[in-house]
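Only one structure is covered here, and it is reproduced in the block below.
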Amino acid sequence: MLLIHCPYCDEARPEVEFAYGGEAHIARPVDPSTYSDEQWEEFLYIRSNPRGRHHERWRHTHGCGRFFNAVRDTVSDVFETTYKAGEARK
Amino acid sequence: MVEIAEIAVSAAELKLGTEPVQGAGVRLSLAEGKVRYSMRARDPKVLEGVLGREVPKRIGGTDAGIACLGPDEWYVVLPDNFDLPRGEGLPVSVVDVSSRALGLVLEGPGALAVLCSGCPLDLAKMGVGRATRTVFETVEVVIWREAEDRWHVEVWRSFATWLWNAFLAAMPDAK
């Protein structure tokens, strides 16, 4: 079973307690009405989808309920690190 | 002619037990006469001011009926003569959720094995007096280790019948 370290609980917990939340560090535009269709499309749909190191959001749904960020290798599925939401990109 | 026993059990045939069940070193019963609160507060100090008592700050910690589930979330299980202040006008939320959940109590040396039949956590390492939200198979539960051999499992009412029967099914194999 894959264990994920929750930075809030400070424990390694089983993957089934977590929910994947997509790519991390995508800020919602402050004023969306100034965005062109292309910019809006990019914000909504275009993701980096890297092979290797990926910054992503996870939520400890069946635990503390918090969103946090993780760095996971998309090839090996190894979690490099996890850190609290709001902290700088690692 | 050989009688073939029915193997399919429909949901309608499952019953929530009203009497405790005992067997294989485990006793399963309903925890009745409880009041439950869900409490949220960004600042625990404001919540402590409302309640007039301390709340556990470490996730998983419990103190006299209050369990800390998350950095801003607490779950309370107390005897039903308790009524907590609501803290109107303050940035806290104290909500009576007594009817939302039921408490199932597993006791005895086999209780741990029954829980481990469906819970992915390493519960043997869970300290006495700790509580956590987790899953049993696919059902969300709050597991509270009240004593070495006594576990209180909070489950939402609609899942309780299934969970009761899942515990029953695991009991013969508990050691």
| note | All conditions in (1) surrounded by 10 or more Cβ atoms within 10 Å (Cβ to Cβ); (2) at pLDDT 85 or above are true of B:Glu19 except (1)
| Inside segment B:85-106, can you point out the residues that are touching a Phe, Trp or Tyr at 6+ places or on another chain (Cβ under 9 Å) and surrounded by 18 or more Cβ atoms within 10 Å (Cβ to Cβ)? | B:Val94, B:Ala101, B:Leu102, B:Gly103, B:Leu104, B:Val105, B:Leu106
| request: Any chance you could count how many residues in segment B:109-127 are without any contact (Cβ under 8 Å) to a residue 40 or more places away in the chain and over 16 Å from the mean Cα position of the chain (by Cα)? | output: 3
| query | Looking only at segment B:123-148, which residues are within 14 Å of A:Gly63 (Cβ to Cβ) and of a type in the set (D, E, K, R)? | reply | B:Arg130, B:Arg133, B:Glu140
| request: Kindly indicate whether any position in segment A:4-23 is more than 14 Å from every other protein chain (Cβ to nearest Cβ), assigned to a loop (DSSP other than H, G, I, E, B) and in contact with a strand residue (DSSP E or B) (Cβ under 7 Å, 6 or more places away or on another chain). | output: no
| said: For segment A:50-78, give me each residue that is polar (S, T, N, Q), part of a loop (DSSP other than H, G, I, E, B) and in contact (Cβ under 8 Å) with a residue 24 or more places away in the chain. | reply: A:Thr61, A:Thr74
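The values are calculated or read from the model by the stated rules, or taken from the named source; none is laboratory data. This is a predicted model, so every value here is computed, not measured. All Cβ positions, glycine included, derive from the backbone under ideal geometry; neighbour counts span all protein chains shown.
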